[in-house]
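Asker: Let me begin by handing over the structure; questions about it come next.
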Amino acid sequence: MGRPPGLDVVDRWLARRLAWAFTTFLAAGSLLYLVIDTFSRLDSMARRGDVLGELWRRNAFALPQLFLDLSPVLLVLSALWVVGALRRHNELLPLLAAGYGPRRLAAPFLLVALGLAPLVWLDREVVLPRVAKARRAEELARQGWESPRPIPDNAGGVLVAGRYLPGEDVLREVRYVRLDRRGHEAWTALADVARVSSDNEGWVLWRGHAITRAARGAAPGHAALEDRVEPLPPEGLFVRTSIRRDDVIAAIDDAPSFLPAREVRRQLARTPGFRHLEVQLHDRASRPFAALALLLLCAPLALGGAGGAAVTGRFAACIGIAASYYLVTSLCAQLGAREALAPAVAAFLPPVAYGLCGLVALARSP
């Protein structure tokens, strides 16, 4: 008997079962998180006197983040649950006898994974940027001194700060270096304190010196070509630069940026040396297809086998594949941020590699 062509009632039935299982797993995981988080923080929220408001602020951010992070593995677990139910109820054998091989049965699972991709994109680009802003402001207000990485701007300057207090926008132990066309140090400002200017067009530096460097290769001892050192004025020295407050925050925070892609592009235009943001920008395009890449590999694996211990081993392998995907993704992101991999390669390597392996596995399935 040949395999049924096209999508039919069996495909819709399997797709609905997978979608229902995914929704159930997602709701159960979210509820479990809410219960644990609420009881662990109930005392501190009660002391602040705004339990409901604090719950809303925390969970309005946490639940979209959980969906973004866990939706690929939850979809794999949902597929395993559906396949396990088919085996328990002796429904898989009649389907195989009717011509629905593992490759054919995997089709509705892959369609559900493909349908999940735009939801992940909307969560990352629309929902999270809106709900994360207030939460991020509260976290910054509670943070102590941080040490940001050097921040390059788009005009040949580099801002270096020993410490940064996010809640008050204060930089300490500040050094701003402006380079010439050959990459040599042309002008330097050293200051104890710096604050972002009121118009957000630069930084105001206090208590320090400005140093104009002598031209490289000049004859030593020539008065006109020696370094010129001047104290900063009492009212502070305004240094115009494209570096903004958000750029300093990005320099101290290696966690994913919750800005939409267009804002990340603007930040990269201001701070072109932030490779971790380049990786995150490419991750916006690759992340929605993580579930599809995993199911390409796991669906034919779970649907194959005759039963018994072999099926248990296949299910365990699927869980291991899903866990390894997160490890590989994290490793590639770190390598991309440290310039060991190109940003696009770091973001797309995991889904492309797992997806190609899945296509090979799918092609070998009956």
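None of the figures in this text is laboratory data; all of them are computed from the coordinates on show. Because the structure is predicted, anything quoted here is derived from the model rather than measured. Here the Cβ is made from the backbone with ideal geometry for all residues, glycine too, and neighbour counts use every protein chain on show.
Asker: Taking neighbour counts of Cβ atoms within 10 Å as a proxy for exposure, in what order, fewest first, do H89, H184, H276 appear?
Answerer: H89, H184, H276
Asker: Compute, for segment 155-241, the length of the dipole vector about the Cα centre, with Cβ point charges of +1 (Lys, Arg) and -1 (Asp, Glu) only. Units Debye, rounded to 20.
Answerer: Here segment 155-241 has a charge dipole of around 320 debye.
Asker: Taking neighbour Cβ counts within 10 Å as the exposure measure, how do W203, W187, W20 sort from fewest upward?
Answerer: Ordered by Cβ neighbours within 10 Å, fewest first: W20, W187, W203.
Asker: Give me the number: length gained by fully extending L95 to E168, i.e. 0.36 nm times residue separation minus the C-alpha to C-alpha distance, one decimal in nm.
Answerer: Extending this stretch completely gives an extra 19.8 nm.
Asker: What list do you get for H282, H209 if you sort them by fewest beta carbons within 10 Å?
Answerer: H209, H282
Asker: Same structure again: Starting from the Cα of V160, step 7 Å along the direction of its Cβ; do the same at R245; then give the gap between the two resulting points in nm.
Answerer: For the pair V160/R245, the computed spacing is 2.6 nm.
Asker: With each pseudo-label sitting 7 Å past Cα toward Cβ, what's the C357-L335 distance in nm, one decimal?
Answerer: Using points 7 Å along Cα→Cβ, the separation is 1.3 nm.
Asker: Got a sec to turn the phi values of segment 277-290 into Karplus ³J(HN,Hα) couplings, 6.51 cos²θ - 1.76 cosθ + 1.60 with θ = phi - 60°, whole Hz, x for Gly and Pro?
Answerer: Computed from phi, the couplings for segment 277-290 are 6, 4, 4, 5, 5, 5, 5, 4, 8, 8, 4, x, 9, 5 Hz.
Asker: Compute the FRET efficiency between L122 and T23 as 1/(1 + (r/R0)^6), taking r as their Cβ-Cβ distance and R0 = 22 Å, and round to the nearest 0.05.
Answerer: 0.85
Asker: How far is it, in nm, from the label point at A344 to the one at V10 when both lie 7 Å from their Cα along the line to the Cβ?
Answerer: 4.1
Asker: Okay, next question. How high is the FRET efficiency from A285 to E146, r the C-beta distance, R0 41 Å, rounded to 0.05?
Answerer: 0.85
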